[in-house]
1. Among the residues of region 28-60, write down those that are surrounded by 10 or more Cβ atoms within 10 Å (Cβ to Cβ) and part of a loop (DSSP other than H, G, I, E, B).
2. Between a residue in region 32-48 that is within 16 Å of residue 79 (Cβ to Cβ) and in contact (Cβ under 8 Å) with a residue 24 or more places away in the chain and any residue that is among the basic types (Lys, Arg) and surrounded by 11 or more Cβ atoms within 10 Å (Cβ to Cβ), which pairs come within a Cβ distance under 6 Å, given they are 6 or more apart or on different chains?
3. Considering only region 68-83, how many residues are part of a strand (DSSP E or B) and either free of Cβ contacts under 8 Å to residues at least 60 places away in the same chain or closer than 15 Å to residue 38 by Cβ (or both)?
4. Of all residues being β-branched (Val, Ile, Thr) and more than 11 Å from residue 84 (Cβ to Cβ) in region 18-71, which is modelled with the lowest pLDDT? Just the residue, please.
Amino acid sequence: MSKTSLFLLCALFSQSLFAASQVVGYLDDTVELLDDQGKLQRAVPSASLPQQALPVLQYDRELDLVEVEVSGQKVWLDSMAVRVDPPLHVVDLPCGKLTRSQAEDQQNNSTIGFGAGCKK
């Protein structure tokens, strides 16, 4: 029984860990469809593109482009013009030390400019 449950847990977590990136939204009213060199093929209204998530087929790190399939045709999109989930690149920023000037600063639990992973 434990082998079966262990197998099911591994299968469940392996799918979520290796989830492929998907284009889940468009950031502009018009989206530029590009070729593999980044040259403009045509610009289309984002409303005419599929609203469901599109799987990312390839990612060109050098040109920062993602390849998706739209209406049976493979096209490249600028990754800065679309919302990709999970993100293609995550930046790890260093945490800094916050100075405290007054005793009431200890009551304030916010860390302005620092993320949730930073200690106060």
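The values are calculated or read from the model by the stated rules, or taken from the named source; none is laboratory data. A quick note: this is a predicted structure, and the numbers were derived from the prediction, not measured. Neighbour counts run over all protein chains shown; Cβ positions are idealised from the backbone, glycine included.
1. Selection gives 28, 35, 36, 38, 49, 50, 51, 53, 56, 57.
2. That search, which allows pairs on different chains as well, returns nothing.
3. Number satisfying all stated conditions: 10.
4. Per the stated criteria, the residue is 70.
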